[in-house]
Amino acid sequence: MSPVVQMLGRALDWYLGHKNAFELLGLLLSVMGTLFAVLSIKDGQKMTHDLRAVFDHLTTKECGAFPSYMKEVERLIGEARESIFIATDFPAHGVWTDRGAYGAYVKSLENRKAERVRRGHALDIQVLTLDAQSREQALESRFPETRWKEYVKKGGFVRSRRLYEELENTQVSDARSAFLVEMAERQTRAFDADLRFAQRWQHRGLMPMYLWIIDGEKAVFAIPSFGDQQTEYGFVTEEQGLVQALLSVWSRYVERAERKAGGPSLAKAS
């Protein structure tokens, strides 16, 4: 018998003699591994909880895409005491995407103004939007000819049309030219009628950010995305430095705007 075979035989005999000890050690290591995993999960959960608590105390938070962030807009409107400054590309913000959400938004503005007037307080609501020509250009860009057929067949056209037709009591054509005319006319009606209780401005130029600034103290701002999935992503803030920066953006919009109703009243500086 070769030395190698003899050595392997002795090693096997030694293992068999100590087999129970090895199995006990293996079981102990398995238990320790399981315990370590459980503790790690608990530590991870605690860390997640702690991080969530930190983020909950931040005064600037992401509040989703349209129409989700409009819930925060309506909440802040309901807290307004002195002023509400609004800057959006279209006066009927989101009227086609979600006609119901638009109705709730306008009603929240009107209701808050009525509440303040009943209590003997003024509420300065100012709305700044693109002018009619710029709105038509924005509609052309938002609903391009090259993607129109796909939008009608596979996009959100059918869902939006169903809700729009029900709440507007009208019919919407799937022909792009007729659709654009309807949307342009609806935006004009919103500016002239839906928002008649507000001081209104029309702006010609770019509007890279939409604003809802309440009492110069808190705000929702939305940043539009102009890719294949056109929407906006909203953020709510009470960070005073950021609110002041947003007021500066509002002031620059007003400097390039024409007043159509009411008078200017820029926000307080602090």
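The values are calculated or read from the model by the stated rules, or taken from the named source; none is laboratory data. These numbers come from a predicted model, not from an experiment. For neighbour counting, all protein chains shown are included, and Cβ atoms are generated from backbone atoms with ideal geometry for every residue, glycine included. Protein only, heavy atoms only, side chains kept; ligands, DNA and RNA dropped before computing areas. Shrake-Rupley method; radii C 1.70, N 1.55, O 1.52, S 1.80 Å.
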Matching entry among 142, 112, 99 (being touching a Gly at 6+ places or on another chain (Cβ under 7 Å), of a type outside the set (Asp, Glu) and open to solvent by 20 Å² or more (accessible area, probe 1.4 Å)): 112
The stretch 76-88, subset open to solvent by less than 10 Å² (accessible area, probe 1.4 Å) and assigned to a loop (DSSP other than H, G, I, E, B), residue nearest to residue 248 (Cα to Cα): 88
Checklist (1) exposed (fewer than 15 other Cβ atoms within 10 Å of the Cβ); (2) over 21 Å from the mean Cα position of the chain (by Cα); (3) over 27 Å from residue 180 (Cα atoms) applied to residue 132, failing item: (3)
Within the stretch 125-187, helices (runs of 4 or more DSSP H) holding 1 or more residues that are touching a Phe, Trp or Tyr at 6+ places or on another chain (Cβ under 9 Å) and within 30 Å of residue 251 (Cα to Cα): 132-142
Search result, residues across the stretch 89-117 that are touching a helix residue (DSSP H, G or I) at 6+ places or on another chain (Cβ under 8 Å), part of a helix (DSSP H, G or I) and over 14 Å from residue 234 (Cβ atoms): 99, 100, 103, 104, 106, 108, 109, 112
Residue in the stretch 194-214 that is open to solvent by 30 Å² or more (accessible area, probe 1.4 Å) and either in contact with a Pro (Cβ under 6 Å, 6 or more places away or on another chain) or assigned to a helix (DSSP H, G or I) (or both) present: yes
